[in-house]
Amino acid sequence: MEVCVLASGSKGNCIYVAGGGTALLVDAGLSAREIASRMQMAGLVPECLEAVLFTHDHVDHYGGIEVFRRKYPVRLFANEGTAAGIELGCPKLDSEWEIFETASTFEIGGLRIEAFTVPHDAADPVGFVFDDGGTRLCVVTDLGQATPLICAKLATCHAAILECNHDYDMLMQSERPWPLKTRIAGRSGHLSNDDAASLMRTSLSERLHTLFLAHLSEECNTPSLALNTMRQALRAAGREDVRIEVMSQTQVSARLVF
Ligand SMILES: [Zn+2]
Ligand SMILES: [Zn+2]
């Protein structure tokens with residue numbers, strides 16, 4: 001399986017995943033031009049993509065799809081609530097949706113995909129597990145809190161892309177209006193560094209070898225705070241061997257193959 005995070009954060013999310021002979025994007029929250037140029041930077045071309053899968057109907061996860069779909073005829077996958085929300089935001093999106101159930105497993109080529117519910121203030125938000133028969137990758141960003149289901153999914157995976165949105169103190173000390181602070185820190189908002197670290201402690205399995213920290217707030221977090229919080233948690237659990245990479249809004253990640 002191969003993974004490249006093209007962008008991660010509240011200004012746009014897009015993740016390239018390939019396995020079992022299938023290449024796809026999770027979310028398309030950058031402009032079409034930006035998706036194509038970041039793929040090129042990573043040595044990839046949009047023509048290789050079979051599909052785009054959507055986690056939820058917030059614009060930082062679908063904003064570029066209307067134009068992108070016009071240029072590249074990818075298949076579009078989402079659950080019903082997310083597809084309806086994206087259609088409202090993209091009235092000119094010209095495509096037949098391939099609708100999956102929120103708690104279901106489906107296949108695109110040789111890639112098996114498990115969708116599962118996450119608590120977040122969107123129509124019907126999901127996380128995904130991708131399985132190519134050898135490796136399991138969990139993608140879970142935009143979640144207000146850990147749930148037993150999310151822990152169970154993470155515990156089966158070799159690699160994970162997990163939200164570490166904010167440092168709680170930085171969020172509370174920020175200039176943001178109070179309702180926004182409570183939304184972000186709430187149960188349907190975003191995961192803090194501490195929340196993400198305790199989620200990983202609960203769901204840490206022997207097989208986990210790579211962890212991507214994602215959807216970092218640019219105002220209320222720093223890469224080193226997120227990294228150190230997670231490192232400490234994994235060290236306390238005796239797992240200094242896990243590779244941890246911090247994802248960025250502006251930089252394309254390395255292409256990791258595992
Ligand atoms: Zn988001
Ligand atoms: Zn969101």
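All of the numbers you see were taken from the coordinates with simple rules; none came from a lab. Computed from a prediction, not measured in an experiment: that's the story for all the values here. In this analysis, Cβ positions are derived from the backbone assuming ideal geometry, glycine residues included, and neighbour counts consider all displayed protein chains.
So which residues in the range 1-10 are more than 11 Å from the chain's Cα centre (by Cα) and within 12 Å of ligand 2 (Cβ to nearest atom), if there are any at all? Ser10, the sole residue that qualifies. Could you run through the range 151-174 and say how many residues are in contact (Cβ under 8 Å) with a residue 12 or more places away in the chain and either within 15 Å of ligand 2 (Cβ to nearest atom) or not aliphatic (A, V, I, L, M) (or both)? Number satisfying all stated conditions: 14. For Arg136, the conditions (1) within 24 Å of Cys4 (Cα to Cα); (2) touching a Pro at 6+ places or on another chain (Cβ under 6 Å) are fulfilled apart from (2). Can you confirm whether Gly85 is part of a strand (DSSP E or B), within 16 Å of ligand 1 (Cβ to nearest atom) and out of contact with any helix residue (DSSP H, G or I) (no Cβ under 6 Å at 6 or more places or on another chain)? No, not satisfied.
Selection of the range 45-64 for residues being within 15 Å of ligand 2 (Cβ to nearest atom) and assigned to a helix (DSSP H, G or I) yields Val59, Asp60, His61, Tyr62.
If you filter the range 65-89 down to residues that are of a type in the set (Gly, Ala, Ser) and within 17 Å of Leu25 (Cα to Cα), you find that the one that is nearest to ligand 2 (Cβ to nearest atom) is Ala78.
For the range 32-52, the condition holds for no residue, the condition being that it is within 15 Å of ligand 1 (Cβ to nearest atom) and surrounded by 18 or more Cβ atoms within 10 Å (Cβ to Cβ).
So that you can scan it fast, the table gives a plain yes or no per residue for (1) away from ligand 2 (no atom under 16 Å from the Cβ); (2) more than 17 Å from Val17 (Cα to Cα); (3) touching a Lys or Arg at 6+ places or on another chain (Cβ under 6 Å):
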position: Pro91; (1), (2), (3): yes, yes, no
position: Trp97; (1), (2), (3): yes, yes, no
position: Ser104; (1), (2), (3): yes, yes, no
position: Arg112; (1), (2), (3): yes, no, no
position: Asp132; (1), (2), (3): yes, no, no
position: Thr135; (1), (2), (3): yes, no, no
position: Asp142; (1), (2), (3): no, yes, no
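The set of residues in the range 21-30 that are more than 16 Å from ligand 1 (Cβ to nearest atom) and more than 15 Å from Arg255 (Cα to Cα) comprises Gly21, Thr22. Can you run down the residue pairs with Cβ atoms below 7 Å, 6 or more apart or on separate chains, where the first is in the range 231-258 and touching a residue at least 12 places away in the same chain (Cβ under 8 Å) and over 16 Å from Ala197 (Cβ atoms) and the partner is β-branched (Val, Ile, Thr) and part of a loop (DSSP other than H, G, I, E, B)? Partner pairs satisfying both residue conditions: Phe258/Thr135.
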